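A short write-up of the structure that comes next.
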Amino acid sequence: MLVLCAAFLTSCTSKLKKENEELREEIAERREGLTARLQAELDSARQQLQVTDSLLNVARQEHDAQHEWVMSHATELNDHSPEVLRLNSLRQRRDSLQVEFERQAQKVKFYMSKSAK
């Protein structure tokens, strides 16, 4: 009887060890998958940030040029002049791109902080 109990305990222990090893392997695989996905998300966020930065620079240049022109002709224009309306739309676009740039920069910072851990 004692021999049967010892054999049963040994088989249970070896089965638990095997299950434990399988679980550790699965956890390691999932960790690798999460790391790869995090890196892909970081790369994507960086690319989006680059595109937004380029668009923001163009919008700033257009806005600044239009602003300079409107200011030099301010006495001739009113609030409903096409040039003033264009300046307002350029300002709106510039501000929207600035907000988007800041959002994407925070996203990149977040992914970088997660990948550093």
Test result for V51, within 21 Å of L38 (Cα to Cα) and aliphatic (A, V, I, L, M): yes
Scan region 63-85 residue by residue and report those that are open to solvent by 90 Å² or more (accessible area, probe 1.4 Å) and touching an Asp or Glu at 6+ places or on another chain (Cβ under 8 Å). W69
Pick from L38, L34: which is within 14 Å of the chain's Cα centre (by Cα) and either among the β-branched types (V, I, T) or modelled with pLDDT of 90 or more (or both)? L38
Of all residues in region 86-117 being free of Cβ contacts under 8 Å to residues at least 24 places away in the same chain and open to solvent by less than 90 Å² (accessible area, probe 1.4 Å), the one that is nearest to S44 (Cα to Cα): S113
Being more than 25 Å from the chain's Cα centre (by Cα), modelled with pLDDT of 90 or more, farther than 30 Å from E102 by Cβ and not polar (S, T, N, Q) is true for just one of E76, E19, E26. Which residue is that? E26
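The values are calculated or read from the model by the stated rules, or taken from the named source; none is laboratory data. Since we're looking at a predicted model, the values are computed, not measured. So basically every Cβ, Gly included, is an ideal-geometry build from the backbone, and we count neighbours across all protein chains shown. With ligands, DNA and RNA removed, areas are computed over all heavy atoms of the protein, side chains included. Shrake-Rupley method; radii C 1.70, N 1.55, O 1.52, S 1.80 Å.
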